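Just below is one structure, and these are the notes that go with it.
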Amino acid sequence: AEGFTVKATLKNAVVVGPRASRVFHECPAKPSTFRKYYERGELPIAVKHENRGNSIAWKVDVETLDYHHYLPLFFDGLTETAFPYELFARQGIHDMLDRGGPKILPVIPQLIMPIRALNTRNHQVMCTTMKVLQHLVMSADKVGEALVPYFRQILTVFNLFKNKRNLGDGIDYDQLKKEDIGKLINETLQIFERYGGPDAYINIKYMIPTYQSCLTN
């Protein structure tokens, strides 16, 4: 019988414990739109095989890309963990952030939905996404401030996992990549505060009450 029910008070009743929380369990993601575009040959990239590993080769000059179209599309690929989709999405984003300059800021509202790849709770996806967020914030002027109004959508998962070190099925990935997700979350929050302007800290604190300012401490 379930606890706190009439049946639970009966003689010889066996009371079952509460159900295990699934708050940290991975939420499988559907195949991304990014993957569909790649499989249709509609992305200007290809695999570049090198002695030190695989990378991506752009078929066009990155500076000529329509960032309103391609940057959200590549961000959509953050949920991918399989080769070559994960490589293309991750490296493509970093290449575009390196060379986007003033093209990046106007696209921020379109990036919020794919940034919620964090909600998959997949360790590899979360680590990749946080590194992308760090790069995004520092990629161009005012980007950090532009993200502040979206902290309530972005930081929920940060609060859940900020004290985590290994995440169940993600342990092997953690050991392979030497990632400490708690440390990565704290680094990302500090970058948000440093680049987010005067309202950044109070908005981080609202979502993560235990966060301590890196600017005042």
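Sorting Asp141, Asp76 by solvent-accessible area of protein heavy atoms yields Asp141, Asp76, largest first, with a 1.4 Å probe. Ligands, DNA and RNA aside, His68 has an accessible area near 90 Å² when probed at 1.4 Å.
How high is the FRET efficiency from Arg152 to Asn54, r the C-beta distance, R0 41 Å, rounded to 0.05? Don't jump to the answer; show the numbers that get you there.
Working: r = 37 Å, r/R0 = 0.91.
Calculated transfer efficiency: 0.65.
Shown in residue order for segment 104-113 are the 3J(HN,Hα) couplings computed by the Karplus curve 6.51 cos²θ - 1.76 cosθ + 1.60 at θ = phi - 60°: 7, 3, x, 8, 3, x, 6, 8, 5, 4 Hz (x for Gly and Pro). At a probe radius of 1.4 angstrom, the accessible area of segment 81-162 per residue rounds to 37 square angstrom.
Of the listed pairs Lys30/Lys205; Lys59/Lys183; Lys30/Lys183; Lys30/Lys131; Lys36/Lys131, which have alpha-carbon separations greater than 30 Å here?
Numbers: Lys30/Lys205 32 Å; Lys59/Lys183 37 Å; Lys30/Lys183 28 Å; Lys30/Lys131 22 Å; Lys36/Lys131 24 Å.
Listed pairs above 30 Å: Lys30/Lys205; Lys59/Lys183.
Could you look at segment 43-170 and say what percent of its accessible area is carbon and sulfur, using a 1.4 Å probe and all protein chains? Here carbon and sulfur together make up 47 percent of the probe-accessible area.
The values are calculated or read from the model by the stated rules, or taken from the named source; none is laboratory data. As the structure is a computational prediction, the values presented were derived from the model and not from experiment. With ideal geometry, Cβ positions are generated from the backbone for all residues, glycine too; neighbour counts draw on all protein chains shown. Surface areas here come from the heavy atoms of the whole protein model, side chains and all, with no ligands, DNA or RNA. Shrake-Rupley method; radii C 1.70, N 1.55, O 1.52, S 1.80 Å.
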